[in-house]
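Enquirer: If you scroll down you'll find the structure; I have some questions about it.
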Amino acid sequence: MSTSQQTTRRRFLQSVAFAGAATVFSPSANRAIGYQSPNDRPVFATIGLRNQGWAITSKSFQFADFAALADVDANVLAENVEKTKKKQTKKPDAYKDYRKVLDRQDIDAVMIATPDHWHTKVAVEAMYAGKDVYCEKPLTLTIAEGKLIEKVVKETGRVFQVGTMQRSESGQRFLQAVALVKDGRIGTVKKVTCGINGMEASPVIPVTSVPKELDWEFWLGPAPKVDYRALPEIRKGYGGGVPLYSNCHYAFRNWHEYSGGKLTDWGAHHVDIACWAIGASDTGPSKVTPLEFSLPVKYKDGQPMVHDQYNAATSFKIGVDMPNNVEMIITSEGDNGILFEGTKGRFFVNRGKITGKPVEELKDKPLPEGAIEEVYGGKVSANHTANFIEAMNSRKQPISDVWSHNRMLEICHLSNIAMRLDRGLKWDPVKREIIGDDQANAFLSRENRKGYEIKMSS
């Protein structure tokens with residue numbers, strides 16, 4: 001890592017040097033008479049409540065009170081209202097339209113767990129409404145959206161946490177991994193492999209009637225207007241209770257209209273940690289090359305020719321040329337996690353384990369005292385949402401800031417574009433644009449559907 005990169009990162013970490021979980025909160029100056037929170041705790045609202053929406057909400061009850069919930073699915077909304085009432089005794093208000101949440105001056109922050117194609121619109125409008133924001137990953141649908149969010153964060157001064165929770169949770173295994181690399185335990189990093197699993201293709205998914213509890217028009221929102229599609233088989237386990245195959249709920253990650261497949265889903269986690277460890281959180285690759293990949297439907301000029309089946313890549317191996325001659329591989333093969341390889345050794349880390357000789361050697365030669373805290377920028381927070389509230393107190397950006405997130409997510413977005421066009425892409429990390437490929441650059445942005453443009457003011 002260059003001296004300038006080290007300095008930039010150090011300054012960032014100093015800016016987020018929080019101590020412990022938040023116990024004191026200064027409410028928004030905009031708060032009017034409304035929801036009254038005990039002990040003057042921050043007042044939150046969650047927008048988008050299926051699966052991860054409830055996950056981040058439930059982690060926050062010990063730190064905040066929820067005055068409102070919003071979702072376009074009436075059943076999901078009602079279920080989460082009741083669960084929230086049981087957790088905090090006071091029943092939150094329920095809304096289908098998130099804009100009614102943003103209109104409330106008693107709400108200090110919003111947590112966003114909508115499908116990805118809604119993230120930027122809701123986040124930008126929330127910031128202009130005076131709310132701090134916690135938004136699930138991947139933050140954006142396009143690279144241009146990331147630049148817009150950065151602009152609005154700077155303009156409004158709002159605190160913004162991205163939900164890349166591996167930075168705060170998972171038993172600090174990922175923090176230990178970053179500390180090992182930064183302490184030189186594997187020497188000079190030569191290669192980083194991010195295993196993020198592939199996905200299955202779908203059968204043909206027919207047009208069918210929209211469930212009565214779902215506002216399909218509003219669910220689509222900024223995305224193109226299309227028919228609702230689903231097969232009768234119901235998904236079980238995590239994400240259960242909805243059709244196994246559809247172009248809605250849970251399955252939205254399989255469609256480029258709403259997300260970026262596994263590249264932006266799991267890639268947003270592991271590529272993030274990899275970039276953090278090698279000191280590339282404020283820069284980017286020089287080239288992204290699709291070495292091997294499989295798309296489930298036929299593409300022409302980067303666009304899917306079939307519209308009744310999943311269209312995101314099912315398998316892939318992407319080569320990424322990173323600064324300082326580090327080779328990054330993003331692959332659907334092998335174990336889910338990150339393999340770091342250097343001139344002096346290698347180790348592997350995921351949410352369940354951290355293994356390898358450099359890890360074993362910690363028994364006799366532990367990391368320097370305070371090494372984990374130095375990586376994190378202070379005492380490690382109780383969880384990722386606690387870090388967000390600590391940042392709200394200090395008015396500093398949290399551990400998963402939008403700038404580092406966007407930089408690593410650009411790699412994931414570029415990987416998808418490269419596969420869709422079936423060619424390598426040269427990237428200018430300073431201008432943040434693709435070099436010498438106008439067709440590819442056209443994929444860096446996407447217009448919102450008429451009527452769902454982003455409101456760029458308060």
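Enquirer: In the range 398-434, which residue that is touching a strand residue (DSSP E or B) at 6+ places or on another chain (Cβ under 7 Å) and polar (S, T, N, Q) is farthest from R167 (Cα to Cα)?
Expert: Per the criteria, the residue is S415.
Enquirer: Would you pick out the residues in the range 58-80 that are touching a Leu at 6+ places or on another chain (Cβ under 7 Å) and over 19 Å from V242 (Cα atoms)?
Expert: L69
Enquirer: It is to be established whether one or more residues within the range 308-315 are farther than 19 Å from N197 by Cβ, in contact (Cβ under 8 Å) with a residue 24 or more places away in the chain, polar (S, T, N, Q) and surrounded by fewer than 19 Cβ atoms within 10 Å (Cβ to Cβ).
Expert: The answer is yes, given that some residue of the range 308-315 is farther than 19 Å from N197 by Cβ, in contact (Cβ under 8 Å) with a residue 24 or more places away in the chain, polar (S, T, N, Q) and surrounded by fewer than 19 Cβ atoms within 10 Å (Cβ to Cβ).
Enquirer: Same structure again: For the range 405-434, which positions are crowded, with 23+ Cβ neighbours inside 10 Å, of a type in the set (G, A, S) and over 19 Å from Y258 (Cβ atoms)?
Expert: If the condition is that a residue be crowded, with 23+ Cβ neighbours inside 10 Å, of a type in the set (G, A, S) and over 19 Å from Y258 (Cβ atoms), then A418 is the only one that fits.
Enquirer: Follow-up. Scan the range 260-311 for residues that are assigned to a strand (DSSP E or B) and basic (K, R) and report the count. Working first, answer last.
Expert: Start the filter on the range 260-311 by keeping residues that are assigned to a strand (DSSP E or B), which leaves 287-294, 299-300, 303-304.
Cutting the leftovers down to basic (K, R) gives us 287, 300.
So the count comes out to 2.
Enquirer: Would you confirm whether any residue within the range 152-166 is among the aliphatic types (A, V, I, L, M), assigned by TED's automatic domain parsing to the domain that holds V430, closer than 21 Å to I338 by Cβ and in contact with a Ser or Thr (Cβ under 8 Å, 6 or more places away or on another chain)? Even if it seems obvious, please write down each step before you answer.
Expert: Taking the range 152-166 first, the residues among the aliphatic types (A, V, I, L, M) are 152-153, 159, 162, 165.
When the remaining residues are screened for being assigned by TED's automatic domain parsing to the domain that holds V430, the result is none.
No, every residue in the range 152-166 fails to be among the aliphatic types (A, V, I, L, M), assigned by TED's automatic domain parsing to the domain that holds V430, closer than 21 Å to I338 by Cβ and in contact with a Ser or Thr (Cβ under 8 Å, 6 or more places away or on another chain).
Enquirer: Hey, could you check the range 356-380 for residues that are of a type outside the set (K, R) and loosely packed, with under 13 Cβ neighbours inside 10 Å and say which is farthest from the chain's Cα centre (by Cα)? Steps first, answer last, please.
Expert: If we filter the range 356-380 for residues that are of a type outside the set (K, R), which is where we start, we get 356, 358-362, 364, 366-378, 380.
Narrowing the set further to residues that are loosely packed, with under 13 Cβ neighbours inside 10 Å leaves 360, 364, 366, 368-370.
Details: E360: 32, D364: 37, P366: 32, P368: 31, E369: 31, G370: 28 Å.
Only one residue tops the list, namely D364.
Enquirer: Got at least one residue in the range 225-236 being crowded, with 19+ Cβ neighbours inside 10 Å and touching a residue at least 60 places away in the same chain (Cβ under 8 Å)?
Expert: The answer is yes, given that some residue of the range 225-236 is crowded, with 19+ Cβ neighbours inside 10 Å and touching a residue at least 60 places away in the same chain (Cβ under 8 Å).
Enquirer: Got at least one residue in the range 46-55 being touching a strand residue (DSSP E or B) at 6+ places or on another chain (Cβ under 6 Å), at pLDDT 50 or above and part of a strand (DSSP E or B)?
Expert: Checked against the condition, which is being touching a strand residue (DSSP E or B) at 6+ places or on another chain (Cβ under 6 Å), at pLDDT 50 or above and part of a strand (DSSP E or B), the range 46-55 yields at least one hit.
Enquirer: When H269 is evaluated against the numbered criteria (1) over 23 Å from the mean Cα position of the chain (by Cα); (2) in contact (Cβ under 8 Å) with a residue 60 or more places away in the chain, which criterion, by number, is the only one it fails?
Expert: (1)
Enquirer: Then there's this: Quick one: which strands (runs of 3 or more DSSP E) lie wholly within the range 60-153 and hold at least 2 residues that are at pLDDT below 95 and surrounded by 22 or more Cβ atoms within 10 Å (Cβ to Cβ)? Spell out how you get there, then give the answer.
Expert: Values: elements: 65-70, 93-95, 109-112, 132-135.
Strands (runs of 3 or more DSSP E) meeting the threshold: none at all.
The values are calculated or read from the model by the stated rules, or taken from the named source; none is laboratory data. The shown structure was predicted, so the numbers you read here are calculated from the model rather than taken from an experiment. Methodologically, a virtual Cβ is constructed for each residue, glycine included, from the backbone with ideal geometry; neighbour enumeration extends over all protein chains shown.
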